[in-house]
1. What is the number of the single condition among (1) in contact with a Ser or Thr (Cβ under 7 Å, 6 or more places away or on another chain); (2) closer than 28 Å to Lys137 by Cα that Pro166 does not meet?
2. Could you count how many residues in the range 1-49 are surrounded by 14 or more Cβ atoms within 10 Å (Cβ to Cβ) and assigned to a strand (DSSP E or B)?
3. For the range 151-165, give me the residue count where each residue is touching a residue at least 12 places away in the same chain (Cβ under 8 Å) and either among the aromatic types (Phe, Trp, Tyr) or out of contact with any helix residue (DSSP H, G or I) (no Cβ under 6 Å at 6 or more places or on another chain) (or both).
4. Could you please let me know if Gln232 is under 24 Å from Arg141 (Cβ atoms), of a type in the set (S, T, N, Q) and free of Cβ contacts under 8 Å to residues at least 24 places away in the same chain?
5. With the requirement that a residue be at pLDDT 90 or above and part of a loop (DSSP other than H, G, I, E, B), what does the range 100-134 give you?
6. Please note which helices (runs of 4 or more DSSP H) are completely contained in the range 189-275 and include at least 2 residues that are β-branched (Val, Ile, Thr).
7. Of the residues Ile262, Ile199, only one is of a type in the set (Val, Ile, Thr), under 29 Å from the mean Cα position of the chain (by Cα) and farther than 20 Å from Glu144 by Cβ; which?
8. How many residues are without any contact (Cβ under 8 Å) to a residue 12 or more places away in the chain and charged (D, E, K, R) if we restrict to the range 247-260?
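The values are calculated or read from the model by the stated rules, or taken from the named source; none is laboratory data. Remember, predicted model here, so these are calculated numbers, not experimental data. Here the Cβ positions follow ideal geometry from the backbone for every residue, glycine too, while neighbour counts run over all protein chains shown.
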Amino acid sequence: MKTFYSILYCTIRPNVEERVSIGLFIGNETTCKFHYSVDKLAVIKGLFSDSAYGMLRTSLKALQKLSSECDADFLGTYKGASALKEQYFNYLSKYANNLITYSSPKAIDIELNQMVFDRLFEKFIYQLPLPLEPKLKPVERAKERLTTSLAGRVNFNADLDNTMVPGLIVPAKVWFIGKNETQVTGEAKDFGGLRPHIIQQQINAHLFLVDKIKDTAIGKHGKFFLVGDEPQKDLPENHKLWEAVKNSTTLDLVPTSEIERIEDYMTEHGVGPLF
């Protein structure tokens, strides 16, 4: 299938034919793709009057909208697709001499897909912005750190049954578990990011597991960490659950800012994996 591309330029100084590549269009008989560099456009904004810049931006956005609608037209019924053919860009390359100019369409013998488009865009226009990494919540950051720092000392995401913990009615899962003179467990809760009834169910289930572990421990002792931060007071039900855990004599509530307490305990007590 014949594929072609055309580079779009912003004309900065027409009298000396000074221009900057700003966008790339690639199309064939069935689909097309277009993208322009928002970063580059922002850099050259000061070279245009407000009205000229507005027209430039409007034209680029209009072509992007037209191309997106054509690209999404799987049934081939979009009438606007007729304006995105090679002959039309050939016409534009000769007669469009305003704020935007077009290179003559050039044929390329490749399959048109997003990866190909991205590579050509970075070659002819500008580097594409890197995808933003999702911002981790404090509890997630704490879990990431402990997953690394406690590696080799505990079993992570352990599935437990009544052969490991006598008295368990159904299998249970715990974030981490280890042992020294007794067993050591860890859980984490986002007290501000879950509905109160879900937090309550999860904590009750965890306390049941802890009780069964204590029943089998020497002297009925154990160390049971729960990582979690105080939620905002405008979440009264969540805050009440956090206070209950904080006042618990069974669970050791550790704020995400103090997780070195867990790391220190593991080192001081020589904790190792349960299995």
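1. Exception for Pro166: condition (2).
2. Residues that pass the stated criteria total 24.
3. Residues in the range 151-165 being touching a residue at least 12 places away in the same chain (Cβ under 8 Å) and either among the aromatic types (Phe, Trp, Tyr) or out of contact with any helix residue (DSSP H, G or I) (no Cβ under 6 Å at 6 or more places or on another chain) (or both): 9 in total.
4. Working: under 24 Å from Arg141 (Cβ atoms): yes; of a type in the set (S, T, N, Q): yes; free of Cβ contacts under 8 Å to residues at least 24 places away in the same chain: no.
When the stated conditions are applied, Gln232 does not pass them.
5. Matches in the range 100-134: Ser103, Ser104, Pro105, Ile125, Tyr126.
6. 196-216, 260-268
7. Values: Ile262 fails: farther than 20 Å from Glu144 by Cβ.
Of the residues listed, the single one that is of a type in the set (Val, Ile, Thr), under 29 Å from the mean Cα position of the chain (by Cα) and farther than 20 Å from Glu144 by Cβ is Ile199.
8. 2
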